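Just so it is clear, none of the values below were taken in a lab; they were calculated from the coordinates. For clarity, every value in this text was computed on a predicted model and none was experimentally measured. As a convention, Cβ positions derive from the backbone with ideal geometry for all residues, glycine included, and neighbour counts pool all protein chains shown.
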Amino acid sequence: MPLIKKLVLRADSVKKYIINLIGPKEDFPLEARIFHTICLISSIILITSLPINIFYGFYELAILMGIVQLTGLLLYFLSRVYNKLKLSIILFGLLANALFVTNFYFNSGINGPGLMLFLLCIFLITVVVPKNQYPFWLALNILEVMVLLYSSYHNPTLIEHRYPNLFLQYADIASTYILTALLIFIATTYIRKSYHQEKIVAEEKAEELKISNETKNKLLSILAHDLRSPLGSIQNYLEILSELNSDEIDRKSIEASLLNETKNTQQMLSNLLLWSKTQMEGVSVNLLPVNLKESILPAIRAQQSIAIEKNIKIEENINKSIMVLADRDMLQLVIRNLVNNAVKFTEAGGQIGIEAKIEGNICLITISDTGRGIPYEMQKDLFSLGVKSTFGTQNEKGVGLGLSLCKEFTELQNGNIRFESEPGKGTRFFISFNLASALA
């Protein structure tokens, strides 16, 4: 095991070193990393070819390869350290073409591996240069080959046949082919791997963007859903105040109610906007021990004026000592939506009850009403986003989103939500949360 661990650590160190040589993907684009890889691999191959050329007696070519290898390392240094990728690529393309023209001349022309290297040249250049430069480099490559072939054909003595025997000629062609194949294979493998990694990153970013957009849409829907009722109440108060026949006592009562409703709405809007700001990068949950009664009373009060207008009595029976593990803002949103729905679907003179009891390590909250109930055909899809919004007892219009959010946000807090309903007799929603004391 210690030996395996050492090997793994050493492999990780080598991998980190190679990544640092090529350039971290956070700092360099894919084109730069490919260029650095090609420069390093080309330098390795050129170093390998030096003893081969010396063995074949191609001393001029060996010196030229050494110069080119040093130049390639300088181009790598120019791009990797000074971030001059475009300049490095242009110099690389010119250097590669000059190298393979010279190699064709010193390495027996058509009788050597020169044409094979021209194919390698256009492959490497195509990999690293921008797309708009393709026509230029392709035309240059083809023109060079055609000129060299034309010159060799019309002047056979222009290029000296340097191989002392047939074996060395075939050996040179074979070794060049192997090195060319290896370089193409390594470059292509690296490109495919990098493309796959970039694709995964792009898909992850697309998924994050999708989630972000969904979160934004949910937040906007929450704002619209939760502000609809209190703003409607404020509008009703203002319409009553605009009537000229209101006596002074009624006016003061309405103004007091309007002020109270405005304060509640302002507080709710402030909380929603503050919470929305924290959620824009994705829905996050901040689970903390919270006092249940203190947390949900503002949500109940926000619906109180609407209930009074409909002559609906809201009774709350929650022990002040109950502490639950929840996200305060999410908890308020859930209660606010459920109470709002109860008010909306309860006839005038009806009742809404909100109570909580402890069952083991769970706090079970029940919100019941004496309303019209939920039709059986709607019950199975009640928490779905696709459920059709219905009108309340006084034609109050919802957005068809509240219950879906209640379910999602309850479950995000490690809670559960369910309901019982009988058409014409009312509905009861049950929400359960972990007690804060369960953590002790």
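Rounded, prolate or oblate: which fits the stretch 2-164, taking a ≥ b ≥ c as square roots of the Cα gyration tensor eigenvalues, rounded meaning a/c under 1.5, else prolate when a/b beats b/c? Oblate shape, in that a/c is at least 1.5 and b/c is the bigger or equal ratio. For the stretch 285-440, a simple Cβ point-charge model (Lys and Arg +1, Asp and Glu -1, everything else neutral) yields a dipole of about 160 debye relative to the Cα centre. In terms of other Cβ atoms within 10 Å, Y163, Y76, Y59 run from fewest to most in the order Y59, Y163, Y76. Per-residue packing, averaged as other Cβ atoms within 10 Å, sorts the ranges 136-142, 207-213 into the order 136-142, 207-213, beginning with the highest.
Taking other C-beta atoms within 10 angstrom as a stand-in for reagent exposure, R301, R192 fall in the order R192, R301, fewest first. Here the residues H36, H196, H161, ranked from fewest to most Cβ neighbours within 10 Å of their Cβ, fall in the order H196, H161, H36. Using the Cβ-Cβ distance between L149 and I200 with R0 = 51 Å, the FRET efficiency computed as 1/(1 + (r/R0)^6) comes to roughly 0.70.
Ranked by the mean number of other Cβ atoms within 10 Å per residue, highest first, peptides 27-34, 284-291 order as 27-34, 284-291.
Taken one residue at a time, the phi angles of the stretch 284-291 give Karplus couplings (6.51, -1.76, 1.60, θ = phi - 60°) of 10, 10, 10, 7, 9, x, 10, 6 Hz. Gly and Pro are set to x. In whole Å, what is the distance between the alpha-carbon centres of the stretch 140-195 and the stretch 81-106? The stretch 140-195 and the stretch 81-106 have Cα centres spaced 16 Å from each other. Taken along the Cα-to-beta-carbon direction at a fixed 7 Å, the label points for E347 and L288 span 4.5 nm.
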